[in-house]
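**Q** Sharing a structure with you now.
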Amino acid sequence: MRRGREQTKHFILPFAGWRNDVVVFMGPRFSGFDVLNVDDLTTLEILSRESLVELLNYYRGNAPGFEEAWIMLTAPQLGARHSRRLVGAGKMTGPGTKSGEIFADEIGVSPSLSPNIPDVSVPYGSLVPAKTDNLLVAGRHISTDAQTHTFMREIPQCWLTGHAAGVAAALSANAGVAPRKMDVTEIQKALKKQGALIRDTETG
């Protein structure tokens, strides 16, 4: 591993695959690029595939069992972890997610990143734009800081915020009330009825 980091620019370790003769590499990963810029995306596309060939050559020459390895499949396109995020009426932050605070406008609960950190309260305000009306945002684009985004962009958390946004949008449309002016307790009641975990701010 030390030699790999010294001899390759983007050394990564493999994960077990679905067969004994297949491994999976989750990467390479890069930062400092703008995924909204087509020139950056082109550069990343080329750099990623060049790095994979470099990695393959290193493993062939240094890792037992990889002597005749070859690239079976690569992702058809780049995957971006960070891009635009909402400027919301509320915002999830690193300190806030570690505090264990249960927000009054909680619309779901995310598992924490560690057994030493409480579960994370997800507020309705993180789905509501600070200025734009008649819009709700779900998934990795909700209002968070970069630290909180690292886990709120994951699939279960996207389910959670998508569920809440869908329920809120339906209630908003049926009531003829803008999403930002909705009574969040009505959203919470509907979410609970559909099986979502919504905690009481007093009892937890």
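The values are calculated or read from the model by the stated rules, or taken from the named source; none is laboratory data. Worth saying up front: this structure is predicted, and the values here are computed from it rather than measured. Here Cβ is always computed from backbone atoms with ideal geometry, including for glycine, and neighbour counts include all displayed protein chains.
Yes/no matrix, rows are residues, columns are (1) in contact (Cβ under 8 Å) with a residue 40 or more places away in the chain; (2) farther than 27 Å from Gln147 by Cβ; (3) of a type outside the set (Gly, Ala, Ser):
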residue	(1), (2), (3)
Gly27	no, no, no
Asp39	no, yes, yes
Glu54	yes, yes, yes
Gly88	yes, no, no
Ile107	yes, no, yes
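**Q** So, one more: Looking at (1) in the same structural domain as Thr8 (by TED's automatic domain parsing); (2) within 30 Å of Gly176 (Cβ to Cβ), find the lone condition where Thr132 falls short.
**A** (1)
**Q** Give me the pairs, please: first residue somewhere in the range 58-80 and free of Cβ contacts under 8 Å to residues at least 24 places away in the same chain, second residue anywhere and in a loop (DSSP other than H, G, I, E, B) and of a type in the set (D, E, K, R), beta-carbon distance under 8 Å, and either six or more positions apart or on two chains.
**A** Sorted first by the residue in the range 58-80, then by its partner, the pairs are Arg60/Glu67; Arg60/Glu68.
**Q** Here's something else I'd like to know. Restricted to the range 8-25, and to residues that are aliphatic (A, V, I, L, M) and touching a residue at least 12 places away in the same chain (Cβ under 8 Å), which residue is surrounded by the fewest Cβ atoms within 10 Å (Cβ to Cβ)? Lay out the reasoning, then the answer.
**A** Here is the first cut: in the range 8-25, the ones aliphatic (A, V, I, L, M) are 12-13, 16, 22-24.
Adding the requirement that they be touching a residue at least 12 places away in the same chain (Cβ under 8 Å) leaves 12-13, 22.
Working: Ile12: 16, Leu13: 10, Val22: 12.
Per the criteria, the residue is Leu13.
**Q** What's the number of the condition Lys189 fails, among (1) on the phi > 0 side of the Ramachandran plot; (2) free of Cβ contacts under 8 Å to residues at least 40 places away in the same chain?
**A** The number of the failed condition is (1).
**Q** Could we say that Ile71 is β-branched (Val, Ile, Thr) and either in contact with a Phe, Trp or Tyr (Cβ under 7 Å, 6 or more places away or on another chain) or part of a helix (DSSP H, G or I) (or both) here? So that I can check it myself, show each step before the final result.
**A** Details: β-branched (Val, Ile, Thr): yes; either in contact with a Phe, Trp or Tyr (Cβ under 7 Å, 6 or more places away or on another chain) or part of a helix (DSSP H, G or I) (or both): no.
It is false that Ile71 is β-branched (Val, Ile, Thr) and either in contact with a Phe, Trp or Tyr (Cβ under 7 Å, 6 or more places away or on another chain) or part of a helix (DSSP H, G or I) (or both).
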